[in-house]
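The next block holds one structure in the form of structure tokens; read it before the comments.
Bear in mind these aren't lab numbers, they're just calculated from the coordinates by the rules spelled out. Source: prediction; values computed, not measured. Glycine also receives a Cβ, built like all others from the backbone with ideal geometry; neighbour counts cover every protein chain displayed.
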Amino acid sequence: MSFYGYSVINNNMAIWNRWEAFGSTPYTSGDTLGNLVFAVHAIGAGVVAFGGALQLVPKVRAIAPTFHKINGYVYLVTVMCLALSGFYLSWIKGASPDTLSAVGTSINGFLILTFAYLTVKTARNRDITSHRKWAIRLFLVSNAQWFLRVGVFSYFINGTMLGGTPVFGDIFFPFWTFGCFLLPLGGAQLYFYATRSRNKNVKYATAGFLVTMTLLMLVGVVGLTPFLLQVMSGEQLTL
């Protein structure tokens, strides 16, 4: 978020194309509208990540209900803007690396809009249990691009550690185009089921799955962090 915000303030949006080696060229000279939409989209993703996380903290809801409500409205407006701007960037600006990525982004966008509607609907109906579930689902699909990047770095690191030679173009990448939002949703649904189940084996299996996914995600975060620092510092990008 700071990287994109700082580049806009300093009128250095061309630096966004440091992602070109990875198939993404978000900045287009002369395309003021497209560049502005991308900037809003990128900065809004940071708002969604932090604002959405606060919405899911029970103590925040209990101690500051007014903040929870206002932050919720800001969050919902932001995620809807992200979904709509994602459609524009994918199909009009052509910022997606390929058609499959654009399709994945579009499906993710439709899920965001659907889950946002259901989150609001259940809140208005005071169905708090369902509201929390839809809010969790909305948070997961809204952060799909973060899962995408973390997953890619986890794949490269773990694949290399296991003796493989992971490269762009592997079957993992078309899978992860959709898996970055479907797998977290599946994990959430499994968690919801396990909390209702009295079967200990189901609970153990769910716990094992979630722990495994968390560890894989942590590996990805460890790999992604220095890479993002390279992007912001202007150093040559390497994997």
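Counting beta carbons within 10 Å around each of Thr129, Thr122, Thr177, Thr212 and listing the fewest first gives the order Thr129, Thr212, Thr122, Thr177.
Label-to-label distance for Thr212 and Asn199 is 1.7 nm, based on points extended 7 Å past Cα in the beta-carbon direction.
Taken along its three principal axes, the alpha carbon spread of segment 144-239 comes to 53, 28, 21 Å, from the longest extent down to the shortest. For the pair Cys81 and Ala62, label points projected 7 Å from Cα toward Cβ lie 3.3 nm apart.
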